[in-house]
Every structure is written in C-alpha cells, then in structure tokens.
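> Got a structure for you, questions after.
Since every read-out is calculated from the coordinates, none of them should be taken as a lab result. All figures in this text were calculated on a predicted structure; none of them were measured in a lab. Cβ sites come from the backbone with ideal geometry, for glycine too, and all protein chains shown count toward neighbours.
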Amino acid sequence: MIDFFDRAIPDANLQGNKGANLVVMTGLDLPVPPGFVIPIAVFKEYQQTGQLPLAEIEAALKSLAKKTGKVFGKDPSPKEQALYVSVRSSAPVSMPGMMDTVLNLKDRAEIMAAIERIFSSWNNARAIEYRRLNNISPELGTAAVVQAMVFGNRNERSGTGVVFSRNPTTGEPGLFGEYLAKAQGEDIVSGQRTPSPVKLLQQDMPAIYAELEEKVEALEAHFREMQDIEFTVEDGRLFILQTRSGKRSGQAAIRIAVDLSKEGLISREEAILRVRPDDLKAVLYKRIESPEKYTPAARGLNAAPGAAFGRVVFHPIDAVAYAKKNEKVILVRIETSPDDIQGISAADGILTSRGGLTSHAAIVTRAMGKPCVCGCEALKIDLKKELFEVNGRVIRKGEIITVDGTTGAVYLQALPLVESEVTREFSEVLSWADEFREMGVWANADTPEMVVQALKFGAEGVGLCRTERQFNTPERLVLIREFIMAEDARARTEAIKNLEKLQKEDFAAIFAAMKGKPVIVRLLDLPLHEFLPREEETADPKVRQKIRDLEEVNPMLGHRGVRVGISYPEIYCMQIDSIVEARELTGANVGIMIPQVITVQELLIIKQYCRSLNVRFGVMIETVRACMRAGKLAQEADFFSFGTNDLTQATFSFSREDAEKKFLTTYLEKGILQDNPFAVIDVKGVGRLMQTAIEWGRKEKPDLNVGVCGEHAGEPRSIRFFHNIGVTYLSVSAFKIPVARLVAAQVEIEQAKK
C-alpha cells in the first residue's frame with residue numbers, strides 16, 4: 001500500500017493517475033485528506049486469484065485512522081469521532097465516471113467489498129466502451145484510492161465543488177466551475193442537482209475562495225497544464241480531493257496551449273504537441289447561420305460548443321439505431337450517466353434537463369467534440385412516453401430540433417448551419433507549426449471558391465484539381481454528351497471545341513485565385529459513360545445504344561483515366577491546350593497529372609499531345625503496376641502523386657463501397673483487419689508499395705517530388721507514415737488542411753526529441 005504521506009515517487013503506471021496526483025499534492029503540502037493507494041499490481045493479482053491482500057489493507061486502514069485521530073470499524077465513544085472512507089478507481093489514463101466510486105464506508109467488510117467493486121468495474125460495459133472509443137488498452141488496469149471522507153454536507157459552512165484553472169469551453173484564464181452548499185461531490189458530478197457558479201463561494205466564504213484560487217494556481221504551475229480540481233469545504237476548512245488535466249473543448253485546448261507557452265510554462269514545441277487533431281476539427285464545427293433570426297424555445301448551459309440538428313431520441317439504443325441509418329440524432333436525457341456512452345457517441349448532439357458544466361454529459365461531450373446543452377430546466381421530459389414538453393409545445397421521438405452548445409439555446413426546428421470562424425489562437429498555433437514542419441500541405445480544390453477556402457486554411461498549393469467535376473453543370477453535360485455521341489474523329493473534334501473555351505475559363509479562374517501558388521491539374525479520370533443518363537432516363541434510341549456500347553462489367557477497373565485519353569485523344573488534347581493557354585494568361589505555376597498510369601509508354605503518348613515544351617507532367621500512382629514500374633516512370637515524370645484511395649482498392653481487390661457495406665465491419669470486429677484501410681493507410685500492404693515506389697523513383701531522380709492526394713493525406717496516423725517514407729507534400733480537402741499542418745509539425749518535433 002502506498003500512503004500519500006510517505007513522500008512516494010508519483011508514478012501513474014503504479015498508482016494510477018488519480019493516486020499519483022494525490023501523492024504529488026500531498027508533497028506540495030496542499031490540504032489533502034489522508035489516504036493510501038492500492039496499486040495496479042494488486043488489481044492484476046486480484047484478476048488472477050480473486051483475492052485481496054487483506055492484512056496489508058487492514059494495516060493501512062489502521063495507520064489512516066491513527067493519522068486522522070478517528071476510529072474505524074467500531075462505534076466511537078462520546079469523545080471519539082468515527083472515520084469514514086471513500087474508495088475510488090485510479091487508472092493510468094483518466095476515465096471520468098466510467099468506473100465505480102463508493103462513499104461513506106465505516107467498517108472493514110464495507111471497505112473490502114468496495115475495493116472488489118472498484119476492481120470489477122474496470123470491465124463494466126461503460127468502461128469497456130469508453131476504452132474502445134478512446135483507444136485505451138484494456139491491459140492497463142486500475143489502482144484504487146482509499147481516502148478519509150470530508151463532508152461538504154456537514155453544516156452551512158460546508159459545501160463541495162468542481163473548478164477548472166481555466167474555462168474548459170473557451171480557454172479563458174481564471175477560476176471557472178461550480179459549487180453546491182451543503183452537498184457532497186457526487187451531487188454535482190451525477191447531475192442530480194444543478195449547481196451554482198463557483199463565484200457563490202466567493203460571496204459566502206471569501207477567505208476560502210481566495211485560498212482555493214491560490215491552490216489552483218499552484219497546481220497549474222506545477223503540472224504546467226490546465227487542471228480540473230474537486231474540492232470540499234467542511235465546516236469552514238478547504239480540502240483538495242483530486243486534480244487531473246481538465247477535459248476541454250477544441251477551442252479551449254488551442255487557446256490554453258498558446259497561452260501556457262506565452263506565459264512561459266511550456267515551450268512552443270510542447271504547445272504544438274498538446275493540440276490534438278480533433279481539437280482543430282472542433283473549432284471548425286458548424287454554427288447556426290444568423291441566430292438572431294430565431295427565437296430559442298429554451299436555454300440551458302452551454303456545455304460543449306458547436307451546433308447540430310437531428311431527430312429527437314430519448315434512449316441511447318435508439319441513438320445507435322438511427323445513426324446506423326445515417327440519420328442525424330439529438331439524444332435528450334434528464335441527465336446522462338456513464339452507461340449512456342454508446343448513445344452519446346452515436347448522437348450528433350446532447351440535450352439534458354439537469355446537470356451543470358461539470359456533469360457527466362458536459363465532460364464527455366467536450367472530450368468528443370459534440371455540441372451539448374445541459375441543465376435546460378424548462379424541459380419536462382417523459383422517458384416512458386418518449387416526449388418532452390417546453391413552453392406548451394410537445395416534442396415527440398423522431399421530431400427534429402437544433403441545439404447550440406455554444407450559447408445553450410434549443411430550437412424546435414432544423415436551422416441552417418454554417419462553418420465556424422477560426423480564432424486568433426487557432427491561426428497562431430498553426431503558424432508555429434509551420435515553423436517546424438517539412439512536408440508541404442496542399443489542397444484538393446476544383447473551383448475558385450474551393451481555392452479561396454483552401455487558402456484561408458493555409459494551403460501552399462493545389463495538389464489535385466479534378467477536371468471531371470467541371471463537366472457536371474447542365475450546359476457542360478450537353479457539350480460532353482455531344483462529344484461522346486459523335487460518330488467519328490472529325491465530329492468529336494468539332495464537339496470538343498465548344499468545351500475548350502469553357503475549360504480555359506475554368507482553369508484561368510482557378511489559377512488566378514491561387515495567386516502564383518502551384519496547381520496540379522489532373523486530366524479526366526472518369527469513364528465516359530458517367531456523363532450519360534441512365535438508359536431508363538432517355539427515350540433516344542441512339543443514346544440508349546451508346547450507353548450499351550460504353551457499359552462495362554467493372555467500370556472502375558475499366559475504360560477510365562489515361563485509357564480514355566489514349567482512345568479519345570481529342571479530350572486530353574483539349575484539356576492540355578486549355579491548361580497551357582490559361583497558364584499563359586495568368587502566369588501560373590502549373591503541373592499536369594495523368595491518372596491511372598500503368599506504363600511509361602502512356603506518359604510518353606500524352607506528352608506528345610502538348611504543343612508546349614515547358615509543361616511539367618506527373619503521374620498519379622494508383623495502380624500496383626505503377627508502383628512496380630516507378631523507376632522507369634521517374635525517368636519521364638516530373639513528379640509522383642499517390643492516389644491512395646484507388647491504390648488501396650487495387651491492393652486489397654476490394655470495392656470500397658461493397659466492402660464497407662457488406663463485410664468490412666465484420667473483418668474489423670473479428671480482428672482480421674485492425675483498421676478500415678480506406679480510413680487509415682495499410683502500412684504493411686499499400687504502405688510497402690508506396691515506400692518501394694518512392695525508393696525506386698528517387699534512384700532515377702533524387703529530387704523527385706512525391707505527393708499524396710487520397711483521403712489518407714488528412715489522417716494523422718497515415719501522415720506520420722508518409723513522413724517516414726519521404727513524401728514531399730500532402731494534398732487534402734480544405735477542412736483537413738489545419739490537421740495536416742499540425743500533424744506534419746508534430747512528427748518533426750517528435751523525431752527531433754528521439
């Protein structure tokens with residue numbers, strides 16, 4: 001057993017996070033109720049044998065009673081006081097509310113049963129689900145903390161509260177939290193009672209409030225991190241029960257990292273490493289467009305920022321069921337509990353009628369980045385009838401509402417949402433990241449509007465400008481269909497002239513919007529039949545026959561990409577001429593990328609279409625054969641760009657759509673695959689092909705630029721792998737640019753530390 005007062009070395013792997021922090025606080029001479037830690041090793045032994053080291057625990061309890069001057073396990077005499085203890089879990093990684101807590105224990109039998117209960121709760125359903133959602137290993141285990149009770153419900157000069165050293169929603173410095181007079185801690189965290197702002201304590205007991213501020217400041221300075229602190233006031237005396245790094249919104253995480261660096265508590269490198277990709281995503285979450293136009297039906301506490309709308313459900317199981325059907329869902333509860341974790345994870349937003357800013361719902365949703373409104377007391381919820389009433393309106397299961405976790409407002413309709421504006425700290429931390437990263441971060445963008453958005457988020461170029469989307473407007477479809485329906489080369493040439501002018505205008509607008517930054521344009525990739533209507537949608541016999549002629553058994557492995565350019569040279573010639581002319585008009589830095597290449601002969605043929613000798617040509621590496629012929633391709637190509645979506649399909653022989661619908665979930669559940677290979681790069685298969693292709697390509701051309709423009713380019717684990725194999729730049733959708741910038745810097749900093 002590890003006594004807090006033994007000046008033990010704090011070790012979260014031995015004592016768990018809570019226990020280690022209690023050891024630290026005791027060492028800092030903070031007012032911590034005495035207690036001891038039953039280490040994780042005992043938990044693991046208990047798992048094997050089902051036995052506790054009873055003698056050692058009893059000895060620790062006797063020592064604890066002696067320290068407090070109280071008696072344990074028997075009725076006290078008139079001159080004595082009874083010792084009550086609590087037992088709490090203490091895992092190496094914070095898992096708030098997922099395991100059990102037992103309070104007010106007064107004899108040996110109760111304490112031993114409570115320890116067994118805490119150890120058993122490591123494998124309760126909610127803890128297992130929380131670990132799965134947060135990638136926490138089930139092998140870690142938990143310690144147990146046994147601590148003398150202090151009573152916030154003793155008298156009028158008593159109370160309990162939870163405070164943060166900074167606002168967990170905004171990151172603003174200063175004491176932030178809640179307080180309940182004449183209450184125990186569980187009254188707050190359970191959501192059973194809605195507390196008051198902690199400023200109430202300043203009014204009632206100003207000296208205690210000042211002492212609390214001092215202790216909170218000391219803890220933040222020691223841990224160099226925003227702290228989440230539980231405290232109790234017993235008969236006018238302050239006790240600190242627990243501290244841990246506070247859960248926070250993405251916006252708060254970014255501001256806190258920046259502020260701590262500016263305050264000298266952490267370095268810029270540490271600040272960058274502390275910001276998670278999910279924090280950046282949370283800042284970019286949607287908000288209500290023009291909220292002043294709408295009147296909320298009710299208001300609660302703004303527990304987790306962002307806005308969401310969806311169908312009302314009242315039970316977690318329904319949230320999961322709706323989500324599986326891709327329905328947006330708002331989970332409405334009187335209060336959430338740790339058992340609701342699956343439903344919270346599945347929902348788009350959370351609304352509760354009870355609970356405060358430190359309730360279970362608030363803490364969990366902030367960590368997940370989901371909008372949440374708590375303590376909306378105007379709601380009268382009937383879980384059995386699956387409805388709630390507010391201001392005379394009855395809302396039943398399945399009806400749509402909107403919740404705004406930034407303001408606490410609730411609306412009884414679906415409201416239009418827009419993307420949020422980035423904060424100064426958001427831009428600042430990314431500018432710091434840019435100082436450390438080596439990999440370029442470019443954008444996938446097909447229109448001037450997309451370019452403007454990408455530049456706003458810091459794109460250094462466009463690594464993938466798709467051209468097929470430019471044919472999708474009605475007037476463009478008419479022209480491309482004329483080309484497809486033409487009966488000979490001459491007719492095709494005439495038809496394509498009408499498209500050339502429009503294509504040149506498109507490219508000129510995109511190049512101008514990029515303001516001199518590089519642009520890589522991919523030539524047409526889609527099969528031609530994609531531009532024709534479905535056979536049942538047209539009565540024209542010629543069109544119907546053409547549809548049949550172009551029909552393919554497996555079109556994504558068929559007549560597409562460079563194969564179309566070779567079969568119908570007019571279309572690639574038109575695109576190349578349009579690109580070159582637009583470049584000459586704008587002075588842009590342009591490269592042309594050829595999709596679906598399998599051999600250098602294809603590249604040579606397409607190069608011949610170009611009248612200008614001053615054009616950079618590259619290949620999109622998305623076939624296995626291109627990887628195997630990378631050395632030969634590098635002799636003629638100016639750059640490579642991996643299309644990892646198609647390369648993954650080709651490597652696995654999976655159709656993505658069919659795999660995800662039919663069997664991929666089963667493969668993941670059974671552990672056949674560790675990750676969805678379309679979400680996280682398959683390092684052992686696709687990754688090895690990429691690594692081989694880069695090595696062979698650079699043997700022929702040492703300065704070969706290599707990009708990645710598939711979805712994996714915006715996924716953090718994949719980015720780390722791409723860095724390690726020598727990828728030059730990433731090309732991602734606009735809203736993934738901040739993540740790519742951050743992770744590219746983090747991997748540089750992490751490697752520099754090794």
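> About the Cα centre, and with charges only on the beta carbon of Lys, Arg (+1) and Asp, Glu (-1), how big is the dipole of the chain? Nearest 20 debye, please.
The calculation lands at about 480 debye.
> Between the alpha-carbon centers of the stretch 1-72 and the stretch 379-453, tell me the distance in whole angstrom.
The stretch 1-72 and the stretch 379-453 have Cα centres separated by 44 Å.
> Something else now. Considering the dipole of the chain built from charges on the beta carbon (Lys and Arg +1, Asp and Glu -1) around the Cα centre, which of 48, 242, 538 is farthest to its positive end?
Of the listed residues, the answer is 48.
> Using only the Cα atoms of the stretch 249-295, build the gyration tensor, take square roots of its eigenvalues as a ≥ b ≥ c, and label the shape rounded, prolate or oblate: rounded if a/c is under 1.5, else prolate if a/b is larger than b/c, else oblate.
Because a/c hits 1.5 or more and a/b exceeds b/c, the stretch 249-295 counts as prolate.
> On to the next question. In which sequence would 672, 496 go, from the one with the fewest C-beta neighbours within 10 Å to the one with the most?
Placing the least packed residue first, the sequence is 672, 496.
> Please compute the Cα-Cα pair-distance distribution of the stretch 1-149 with 5 Å bins starting at 0, giving whole percents from short to long.
2, 10, 19, 23, 20, 14, 7, 3, 1, 0, 0
> Given 370/670; 456/517; 607/632; 44/247; 286/370; 247/456, which pairs have Cα atoms separated by over 18 Å?
Over 18 Å Cα-Cα: 370/670; 44/247; 247/456.
> Let me ask another. Need the list of aspartates and glutamates near residue 753 for cross-linking: C-alpha distance under 12 angstrom, and skip anything on the same chain fewer than eight residues off.
Answer for residue 753, where 12 Å is the Cα cut-off: 269, 270, listed by chain and number.
> Work out the length of the dipole vector of the stretch 467-593 about its Cα centre, built from +1 on the beta-carbon of each Lys and Arg and -1 on the beta-carbon of each Asp and Glu, and round it to the nearest 20 debye.
380
> Modelling each spin label as a point 7 Å along the Cα-to-Cβ direction, I'd like the residue 482/residue 435 distance in nm, to one decimal.
In this crude spin-label approximation the distance works out to 5.7 nm.
> Within straight cross-link reach of residue 66, meaning Cα distance under 17 Å, which aspartates and glutamates are found once same-chain residues fewer than 8 apart are removed?
3, 6, 56, 58, 75, 80, 107
> Looking at 76, 92, 4, which one has the Cα that reaches farthest to the positive end of the dipole of the stretch 1-149 (charges on Cβ: Lys, Arg +1; Asp, Glu -1)?
The Cα lying farthest towards the positive end belongs to 76.
> Can you give me the C-alpha center-to-center distance between the stretch 289-314 and the stretch 543-584, rounded to a whole angstrom?
48
> What is the stretch 329-415's relative contact order, in percent, from Cα pairs under 8 angstrom and six or more apart in sequence?
That works out to 23 percent.
> In this model, which of 67/199; 397/662; 328/736 are farther than 25 Å apart at the alpha-carbon?
67/199; 397/662
> First check a/c for the stretch 193-313, with a ≥ b ≥ c the square roots of the eigenvalues of its C-alpha gyration tensor; if it is under 1.5, answer rounded, and if not, answer prolate when a/b is larger than b/c or oblate otherwise.
It comes out oblate by the Cα gyration axes.
> Work out the P(r) tail for the chain: percent of alpha carbon pairs separated by more than 39 Å, whole number.
47
> For the stretch 261-285 and the stretch 485-515, write down the distance between their C-alpha centroids in whole Å.
46
> Multiplying the sequence separation of residue 267 and residue 515 by 0.36 nm and subtracting their Cα-Cα distance, what value in nm do you get?
Working it through step by step, the gained length comes to 85.9 nm.
> For a footprinting-style exposure proxy, rank 327, 622, 536, 711 by other Cβ within 10 Å, fewest first.
Final ranking by Cβ density, sparse to dense: 536, 327, 711, 622.
> Positive end of the charge dipole of the chain (Lys, Arg +1 and Asp, Glu -1 on Cβ, about the Cα centre): tell me which of 441, 649, 149 has its Cα farthest that way.
Most positive-ward Cα: 149.
> For the stretch 1-149, give the magnitude of the charge dipole about the Cα centre (Cβ charges: +1 Lys/Arg, -1 Asp/Glu; no others), in debye to the nearest 20.
240
> Now for a separate question. Would you mind ranking 337, 731 so that the residue whose beta carbon has the fewest other beta carbons within 10 Å leads the list?
By the 10 Å Cβ count, ascending: 337, 731.
> Once you have the Cα-Cα distance between residue 128 and residue 75, take 0.36 nm times their residue separation minus that, and quote the gain in nm to one decimal.
That pair, residue 128 and residue 75, stretches by 15.1 nm at full extension.
> Counting only DSSP beta bridges with both residues in the stretch 1-149, what percent are antiparallel, rounded to the nearest 5?
That works out to approximately 95 percent antiparallel.
> Among rounded, prolate and oblate, which fits the stretch 468-588 when a ≥ b ≥ c are the square roots of the eigenvalues of its C-alpha gyration tensor, a/c under 1.5 means rounded, and a/b larger than b/c means prolate?
prolate
> Let me ask another. Nearest 5 is fine: what % of DSSP beta bridges in the stretch 305-414 come out antiparallel, could you say?
Percentage antiparallel, nearest 5: 60.
> Estimate the FRET efficiency between residue 703 and residue 211 by the formula 1/(1 + (r/R0)^6), using the beta-carbon distance for r and 56 Å for R0, to the nearest 0.05.
Once the sixth-power term is evaluated, E becomes 0.35.
> Where does the charge balance sit around residue 325 when Lys and Arg score +1, Asp and Glu -1, over other residues with C-beta under 14 Å from its C-beta?
Counting the neighbours of residue 325, the net charge comes to +1.
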